[in-house]
Each structure stands twice: as structure tokens, then as C-alpha cells.
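Presented below is the structure to which this report refers.
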Amino acid sequence: MHPIVPPAAPPARTYSATLTQSRRITPPASREEVRHLVLRTGDLSFDATLGNLIRVMAPGQFGNRSHARLYSIMDLERGKDGTEFAICVRRCSYIDEFNGEEYRGVASNYLCDLRPDDRVEFAGPVGYPFVIPEDKTADILMLGMGTGIAPFRTLIRQIYENIGGWKGQIRLFYGARSPLEMLYMNDENSDLANYFDQPTFKAFQAVSPRPALDAPVALGAALERNAAEVWAMLEGTNTRVFVAGTANLLPAVEQAMIAVAGSGANWLRVENALKASGRWSEVLY
């Protein structure tokens, strides 16, 4: 999964895993490289569940022994001789604010460059930010961009494969710069399509109107096109809202929600109610 800002206190236990598979899930024509990594640890004490986070310990820089980043566990299979699990990683770069130079992201490039049989050190597991409610009539609104879809993919699979009989409405609004970057929702990787026949599940894709010019992803426009349904869910007392993606996702969501609500005052009232009752959760990186 995508990296998340780590909690202050690191878990004490560390493990080692072997990479068994590294598969690009964005098509070759996409300028974004996102990989689905499968790892295996033979340490039977590693006790994780779907959606938990692990802290990958990439080789450090500038005298630091390691460089830590959190990723969410997407797929997990526990056997008698170990545990196999998957994470989703986007190859990242960043611009140094002092000299304007572009640098490769440490953890993401380390993971994307790994080859089968390479070893990875990690710590965890640590908590999961998105908890499926016990009430099967609860509505769930998921808003994500980029690798923010990884925890939602896990949620959707758990709800329909492990829990079953879900009565509440589940809506996924997911943004990317182009259809080629719709992780798990493009022609080569479309496993979320397995759930499109579920009567309570709908997914809405939002892409940039001008991806070559880096125009913003139209996630807000997708929300506004479905304003009546979104607003009805938001005003419900049994709705959970989950937000995952880059830090610049929140302003776009805020603007769209004001439009959906009809005014800033209406949205503030509902937003405060969601957060006060613990029904709003977000993971930004």
C-alpha cells in the first residue's frame, strides 16, 4: 500500500521477509509506476490481519541505519510454515524545497527495485485506520486517490468475501490522472470489477480532464454528479466516511462537499457530526 506517516512509537518486534513477486499494476503506457509486491516471512510469530500496517525498514541515508515507511497489508495468507502478504507501492520522487532538485523517494524506490528472493526488513504489525462497523446496515463512503485505493480494496474484499450479507450502501470514489492509472480498476488489473454485481456496491472513477498538463483529478466533479446520493449518506446517522490518498486530497474533498451540501454552513454541521461521533477516518501521506 501507499506510505503513511508513522506513529511516534515504533513497534519493538522486527521481522525479515523474502520478496516472491513484484508486479506492475499500472499499464506500461502509464507514466506512473505502481507495483503489487508479495512478501513471505517464515517467522510464525508474525501475527497480522488484513489491513494492518507494516513499517518497512529501507536502507538509510546520511548516516541513518534505516529509512522507515508504513504500508498496509492487502492480501494475506497464513500457512503452517509462514505468512505471505502483499503491499502496494508507488515509485515516488520529491522536489527539494531548498535547491529545487528532484530526488528519488527512498523507501518507494528501494521497494520497486527489489527482485524476487531479495530480503526486506520490517516491523509490525500496527493498527488499521479503517474499521468495518459491526452493523451490516451501515453505509460506507470511501474517497481515495492513487495508492489510497489499497486499503479500500482490502475493505471491499473483506465485506463481500468474509462478512457477506451487507445491507448498507458502499460507495467508492477513486481518482487518478488517467484511466491508465486506475489501480485495480484498469484493463490489465480489474479485480474490483468482481464486486460490481453486488447490489450494495458502486464505484465511481474520476480522472483529470487534461492529464498531460497535470490538471487536477476531477474527484470533486464525480462527487457533485452524485450529490443527492452522497448528501443522503452524509446526513445519515449510520454512515462511515473513509479518506485515503495524498495530502492535497483534502482541499478537493472539502470544496466538493461544500458544493454537495449547498453551503459551507451545511457541510460544517455534518462534518462536525461525523468527526464528533468517530465516523470520519483519514490516512494522508
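If you go through segment 204-220 one residue at a time, do you hit one that is hydroxyl-bearing (Ser, Thr, Tyr) and modelled with pLDDT of 65 or more?
So in segment 204-220, the residues hydroxyl-bearing (Ser, Thr, Tyr) come out as 208.
Now drop any that are not modelled with pLDDT of 65 or more, which leaves none.
Looking for residues that are hydroxyl-bearing (Ser, Thr, Tyr) and modelled with pLDDT of 65 or more, one finds none in segment 204-220, hence no.
Just need a number here: residues in segment 43-95 that are of a type in the set (A, V, I, L, M), in contact with a helix residue (DSSP H, G or I) (Cβ under 7 Å, 6 or more places away or on another chain) and at pLDDT 85 or above.
3
Those residues that are assigned to a loop (DSSP other than H, G, I, E, B) and at pLDDT 85 or above, I need them from segment 27-42; list them, please.
Once the filter is applied, which keeps residues that are assigned to a loop (DSSP other than H, G, I, E, B) and at pLDDT 85 or above, segment 27-42 yields Glu33, Gly42.
When only residues in segment 128-160 that are assigned to a loop (DSSP other than H, G, I, E, B) and at pLDDT 90 or above count, which is nearest to Gly51 (Cα to Cα)?
If we filter segment 128-160 for residues that are assigned to a loop (DSSP other than H, G, I, E, B), which is where we start, we get 128-138.
Okay, now just the ones that are also at pLDDT 90 or above, so 132-138.
Working: Ile132: 11, Pro133: 14, Glu134: 16, Asp135: 19, Lys136: 19, Thr137: 21, Ala138: 19 Å.
It comes out as Ile132.
Does segment 15-26 include one or more residues that are in the same structural domain as His67 (by TED's automatic domain parsing), among the charged types (D, E, K, R) and either in a loop (DSSP other than H, G, I, E, B) or at pLDDT below 90 (or both)?
No, because not a single residue in segment 15-26 is in the same structural domain as His67 (by TED's automatic domain parsing), among the charged types (D, E, K, R) and either in a loop (DSSP other than H, G, I, E, B) or at pLDDT below 90 (or both).
Based on this model, can you work out whether Val56 counts as within 20 Å of Thr154 (Cα to Cα), touching a residue at least 40 places away in the same chain (Cβ under 8 Å) and either not aromatic (Phe, Trp, Tyr) or not in a loop (DSSP other than H, G, I, E, B) (or both)?
Criteria met by Val56.
Would you confirm whether or not segment 138-161 contains a residue that is acidic (Asp, Glu), more than 14 Å from the chain's Cα centre (by Cα) and under 25 Å from Thr200 (Cβ atoms)?
yes
Across segment 96-114, what is the total count of residues that are closer than 15 Å to Glu33 by Cβ and either surrounded by 17 or more Cβ atoms within 10 Å (Cβ to Cβ) or at pLDDT 95 or above (or both)?
Of the residues in segment 96-114, 9 are closer than 15 Å to Glu33 by Cβ and either surrounded by 17 or more Cβ atoms within 10 Å (Cβ to Cβ) or at pLDDT 95 or above (or both).
The conditions are (1) under 22 Å from Pro129 (Cβ atoms); (2) modelled with pLDDT under 80; (3) not in a helix (DSSP H, G or I), and Leu192 fails exactly one of them. Which is it?
All conditions are met except number (3).
The values are calculated or read from the model by the stated rules, or taken from the named source; none is laboratory data. Values in this document were obtained by computation on a predicted structure and should not be read as measured data. As a convention, Cβ positions derive from the backbone with ideal geometry for all residues, glycine included, and neighbour counts pool all protein chains shown.
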